[in-house]
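What follows is calculated from the coordinates using simple rules that are stated; it is not laboratory data. Predicted model only: the values in this text are computed from it and were never measured. Glycine also receives a Cβ, built like all others from the backbone with ideal geometry; neighbour counts cover every protein chain displayed.
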């Protein structure tokens, strides 16, 4: 986590997600205590597909998935 705050940063979430996609164990990232919910499950008023990541420190990050090709 960053040195100024105990909250995860966007960069740390990106690093953790990239590590997970490359096969690392979740325990080896800063995302071990997180949980997720799809936009639909969370009641978000959007047509986008994606999910939210909820961290132990109370932060919430939104991940939107868009197909490019």
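When the stretch 32-53 is examined, which residues are found to be out of contact with any strand residue (DSSP E or B) (no Cβ under 7 Å at 6 or more places or on another chain) and surrounded by 14 or more Cβ atoms within 10 Å (Cβ to Cβ)? Reasoning before the result, please.
So the first thing to find is which residues in the stretch 32-53 are out of contact with any strand residue (DSSP E or B) (no Cβ under 7 Å at 6 or more places or on another chain), and the list is 32-33, 40-41, 43-47.
The one that is out of contact with any strand residue (DSSP E or B) (no Cβ under 7 Å at 6 or more places or on another chain) and surrounded by 14 or more Cβ atoms within 10 Å (Cβ to Cβ): 44.
Identify all residues within the stretch 1-31 that are touching a strand residue (DSSP E or B) at 6+ places or on another chain (Cβ under 8 Å) and closer than 19 Å to residue 66 by Cβ; write none if there are none.
Scanning the stretch 1-31 gives 10, 13, 17.
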